[in-house]
Amino acid sequence: MPMKIVVAIKQVPESGSPFRIDGSGRWIEEIDLNYTLNESDAYALEQALQLKEQHGGEVVALSAGPDRVQSVLRDALAKGADRAMHIRCGDGPDRDALGTARLLAAAIRPESPDLVLTGLQSDDVGHGQTGVLLAELLGMPHASLILQVEKSETGLNVKRELEEGWLQMIELPMPAVLTIQSGGNKLRYATLMGIKRAKTKEMRSIDAPELGVDTAAVAVLDHVSTIRKQKSGQILTGTPAQAAAALVEKLQFEARVL
């Protein structure tokens, strides 16, 4: 049976970009940044495309942010998504995970999807909350850390990654929200034909106020700072045997490398 799948994706700064704190001290200077698709969201998109190839249906890419996020939506269309929705809004410290989830939920509800996929967490702030909050707002069952998704006669069979390499197989009814872990599938590249087709596919833009939801931040980002690099050293005194014993003790109980 065909499935309608909505994939929420985020545009994040590339890790190699030059990061500088802006004048407010609450965010980073964006003018020199290069942007890309969030890694775990790329795996969420890949999972959606594979389910579509296996069962038919439609994949809708969804993203919230300024006009620049349309580039990652175009990339999703080039890889095989059928259409895209762009919630036009600001980006930065004044919108937290709950505000983002409220925007996404308001855009998703009219679609009545069978499945909603998000990445596990974003590469920039890394809260790992948006997918969980989205499931609560939509009133759908949810599972996180997903590596593999299979459709069954009664819903979904999913493989979750647990601690220390343990895996868990669970069953879920549909509709559902899943947050996808990186590495579960091999990512595809956009083909030249896919890039050409993406130009003719629908991309609908929605101004955030049109959705009529409260996006005021509950968790307020007060300031950001760079990591201070500190070097410290210790001189171990005593005889060579005493110094060696002290070194072994520190490596064992402080550094925990032995």
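Can you run down the residue pairs with Cβ atoms below 6 Å, 6 or more apart or on separate chains, where the first is in the stretch 166-179 and more than 13 Å from V7 (Cβ to Cβ) and the partner is modelled with pLDDT under 95 and outside any strand (DSSP E or B)?
Q168/L162; L172/G155; P173/G155; M174/G155
Taking the conditions exactly as written (in contact (Cβ under 8 Å) with a residue 40 or more places away in the chain and surrounded by 15 or more Cβ atoms within 10 Å (Cβ to Cβ)), does I21 satisfy them or not?
It is false that I21 is in contact (Cβ under 8 Å) with a residue 40 or more places away in the chain and surrounded by 15 or more Cβ atoms within 10 Å (Cβ to Cβ).
Against the condition out of contact with any Asp or Glu (no Cβ under 7 Å at 6 or more places or on another chain), of a type in the set (D, E, K, R) and either at positive phi or surrounded by fewer than 19 Cβ atoms within 10 Å (Cβ to Cβ) (or both), how does D96 come out, does it pass?
Against the criterion (out of contact with any Asp or Glu (no Cβ under 7 Å at 6 or more places or on another chain), of a type in the set (D, E, K, R) and either at positive phi or surrounded by fewer than 19 Cβ atoms within 10 Å (Cβ to Cβ) (or both)), D96 does not qualify.
Applying the selection to the stretch 1-50, what residues are more than 25 Å from S152 (Cβ to Cβ) and part of a strand (DSSP E or B)?
Hits for the stretch 1-50 are Q11, V12, P13, I21, I28, Y35, T36, L37.
Among residues belonging to the stretch 196-215 that are in contact with a helix residue (DSSP H, G or I) (Cβ under 7 Å, 6 or more places away or on another chain) and outside any loop (DSSP other than H, G, I, E, B), point out the one that is farthest from G65 (Cα to Cα).
A198
On the basis of being under 30 Å from R88 (Cα atoms), of a type in the set (D, E, K, R) and at pLDDT 85 or above, does E249 make the cut?
no
Across the stretch 121-169, what is the total count of residues that are surrounded by fewer than 11 Cβ atoms within 10 Å (Cβ to Cβ), among the hydrophobic types (A, V, I, L, M, F, W, C) and in a loop (DSSP other than H, G, I, E, B)?
2
Results for (1) part of a loop (DSSP other than H, G, I, E, B); (2) under 27 Å from the mean Cα position of the chain (by Cα); (3) of a type in the set (S, T, N, Q), shown as yes or no for each residue.
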residue: V177; (1), (2), (3): no, yes, no
residue: A190; (1), (2), (3): yes, yes, no
residue: G194; (1), (2), (3): no, yes, no
residue: A217; (1), (2), (3): yes, yes, no
residue: I235; (1), (2), (3): yes, no, no
residue: A241; (1), (2), (3): no, no, no
residue: A244; (1), (2), (3): no, no, no
residue: L247; (1), (2), (3): no, no, no
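Among E202, E254, which is the only one that is in contact with a Lys or Arg (Cβ under 6 Å, 6 or more places away or on another chain) and among the acidic types (D, E)?
Testing whether each residue is in contact with a Lys or Arg (Cβ under 6 Å, 6 or more places away or on another chain) and among the acidic types (D, E) leaves just E202.
The values are calculated or read from the model by the stated rules, or taken from the named source; none is laboratory data. The shown structure was predicted, so the numbers you read here are calculated from the model rather than taken from an experiment. Using ideal geometry, Cβ is built from the backbone for each residue, glycine included, and neighbour counts are taken over all protein chains shown.
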